[in-house]
Amino acid sequence: MYYPVMLNLSGKRTVVVGGGEVACRKVRDLLDAGALVTVISPEVHADIEKIARENGEMISIEGRKYEPGDLRGASLVFSATDDSAVNREVFREAEQLNIFINAVDDPDNCSFIVPSSIRRGDLIVAVSTSGASPSLAAKIRKDIEKDIPSDIEPLLVSLRKIREILKNDVEFIHLSSSERGEIMKKLTSQNDFLRKILSADDSPALKTLLREIIESRP
């Protein structure tokens, strides 16, 4: 049984053992999450070298084989090799150091699995079959992706602004946490309000919409 979670890896050291195409995908995903990435592999894909040139101090490459001790200080580890013996060795060290590890296509050497996911700005949708069928998880993810509104990214930007206004603006700071929650639920439960949020291009317009919501409460 797996526990679903979204990790904040911003500024955290992560390690990718391996330098092929799969490792390249993991490197991209980790950098997108703001992680500091160390790649350990005798040979690395040309795309990883390109990514390293483009991302400066966010990524470092150790052009050698994995050695015990390489995981020290890491928050998360990916073992992206096709060598099960290396995967076992990396898994053993990760377990000793209480670091979560994913060995790609090697579930016996994993402490977590990676779901099939969609990212649209702040929206992340993750689908997992707990390892039973990654291909089915990918199909379900594609089906969900078709129904995501094309304007979801600017909508989420405005909703984040609204939350900040409700929490920090002197006009609304008196509201309780439950009252703020009810306002956010009302805003997102009606398409008419969502359209108004998208058309409000600045904080004053968003505050006007909030007043409308508050005044309409029973």
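Summary of values
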| quantity | calculated |
| --- | --- |
| Answer residue from region 48-94, given it is open to solvent by 60 Å² or more (accessible area, probe 1.4 Å) and acidic (Asp, Glu) and is modelled with the lowest pLDDT among those | 82 |
| Exclusive hit being modelled with pLDDT under 90 and either basic (Lys, Arg) or more than 31 Å from the chain's Cα centre (by Cα) (or both), set 180, 217 | 217 |
| Exclusive hit being of a type in the set (Asp, Glu), out of contact with any helix residue (DSSP H, G or I) (no Cβ under 6 Å at 6 or more places or on another chain) and on the phi > 0 side of the Ramachandran plot, set 105, 83, 70 | 105 |
| Checklist (1) at positive phi; (2) touching a Ser or Thr at 6+ places or on another chain (Cβ under 6 Å) applied to residue 130, failing item | (2) |
| Condition check for residue 136: surrounded by 14 or more Cβ atoms within 10 Å (Cβ to Cβ) and of a type outside the set (Asp, Glu) | no |
| Search result, residues across region 115-156 that are of a type in the set (Ser, Thr, Tyr) and within 19 Å of the chain's Cα centre (by Cα) | 116, 117, 128, 129, 130 |
| Looking only at region 13-31, and only at residues there that are more than 19 Å from residue 128 (Cβ to Cβ) and either open to solvent by 90 Å² or more (accessible area, probe 1.4 Å) or free of Cβ contacts under 8 Å to residues at least 12 places away in the same chain (or both), the one that is farthest from the chain's Cα centre (by Cα) | 21 |
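The values are calculated or read from the model by the stated rules, or taken from the named source; none is laboratory data. Computed from a predicted model, the values in this text were never measured in an experiment. Virtual Cβ from ideal backbone geometry, glycine too; neighbours counted across all protein chains shown. Keep in mind that these areas ignore ligands, DNA and RNA; they rest on the heavy atoms of the full protein, side chains included. Shrake-Rupley method; radii C 1.70, N 1.55, O 1.52, S 1.80 Å.
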